[in-house]
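Contents: one structure, followed by commentary.
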Amino acid sequence: MTRNRVRLSGGTGWQTDFRRRTTGRAPRSAMEIATVRRTLNHTLTELKRAIDRHSVAAAADLYALAWQQAAGAPPSETRQQRALLQSYKEILASRRWQEAERLQASSVPPAVTSRPGLSVAAPSRPTSAGRTEKRKPAWSSQQQDRPGKPLFPRTRTAAQPTPITVTAKQPSRPGQPVLLDTAQLYEIATGLRPLLEETAKAGATTSWPLIRKRLPGLPRLHPDDESVILWLVDEDRQKGEPLLAALVTTGNRQMHPRFPVIAEHLGLPCGTNTTQQRTAWSYEVLKVHQHWRHHRR
């Protein structure tokens, strides 16, 4: 029985990494959090302007940058900003925006290329006899970017529909999904919380396969990332709210084997043996259903 439980929970290796990626991080001071919010608000203002101008490339870059900045503070400290980002995400994923993206991509003039050994010279102007015309050096548009250049170049191809890309990190086992960076985890957790709230109001539970059906754009996640995302969801809860992570179960609607560790790092001890943990989990599910059944925003 013990051996089977260890296999399901993934052993202790993931718990060490889980602590490092969540509660093991250095706490932010009030000044640092205020700086994150101020910088994030500025980026959101620029993102709104880019959307109003239908600047597809700039909007995609600003959207990704905003999530990276939001990941610099606990989710509970950037609740309003992340809600605004969710509304912008709907705009960037809309059919109208994708049509604007295609139009901008088709309107970009093709780059002028030259064959090796041939150069394109500008038309020469008549010069005075005996004098050689001094030419100003011509700057090539094909120069490589150098450190210190602006974040958004003047000319670039249209952005991809999904602004944030997957960071290539090696999985712990062959065939497992790659680990996502912190900004992506914050984005997924922000979109997952409303879904779990709806599940709680319905008095039901869910699982990761069902979550992927409800959120079609959600990729298959590494189990460690799933745990961090659930921690982020409940880190964003109001004081006194029960843990929505309790609603994510295994396929047979039983307690997820990683719930006790997640709950412990959210301030809810679940005991040391299986019976105590299942009792604590069942009671938490009951509290979640009762809380959200009568909850009004």
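The values are calculated or read from the model by the stated rules, or taken from the named source; none is laboratory data. Bear in mind that the values here come from a model prediction, so they are computed numbers and not experimental data. Cβ placement follows ideal geometry from the backbone for every residue including glycine, while neighbour counts extend to all protein chains displayed. The protein model used for the area step is the full one, side chains on, heavy atoms only, and it has no ligands, DNA or RNA in it. Shrake-Rupley method; radii C 1.70, N 1.55, O 1.52, S 1.80 Å.
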Go through region 251-290 and give me each residue that's surrounded by fewer than 16 Cβ atoms within 10 Å (Cβ to Cβ) and either touching a residue at least 60 places away in the same chain (Cβ under 8 Å) or among the basic types (K, R) (or both). R253, T274, K287
Requiring at least 2 residues that are at pLDDT below 90 and either open to solvent by 60 Å² or more (accessible area, probe 1.4 Å) or on the phi > 0 side of the Ramachandran plot (or both), the helices (runs of 4 or more DSSP H) wholly within region 1-116 are 2-9, 13-21, 95-107
Take residues that are among the basic types (K, R) and tell me which of the helices (runs of 4 or more DSSP H) falling wholly in region 194-297 contain 3 or more. 208-214, 274-293
If we scan region 160-180, do we find a residue that is modelled with pLDDT of 80 or more, assigned to a helix (DSSP H, G or I) and of a type outside the set (D, E)? no
Looking at region 94-107, can you tell me whether even one residue there is of a type in the set (D, E, K, R) and within 23 Å of A183 (Cα to Cα)? no
Quick check on D225: is it closer than 17 Å to L195 by Cβ, open to solvent by less than 30 Å² (accessible area, probe 1.4 Å) and touching a Leu at 6+ places or on another chain (Cβ under 6 Å)? yes
Neighbours by Cβ (under 9 Å, 6+ apart or cross-chain): first from region 232-243, on the phi < 0 side of the Ramachandran plot and at pLDDT 90 or above; second assigned to a loop (DSSP other than H, G, I, E, B) and among the basic types (K, R): L243/R237
Going by the structure shown, is L286 of a type in the set (A, V, I, L, M) and closer than 27 Å to Y186 by Cβ? no
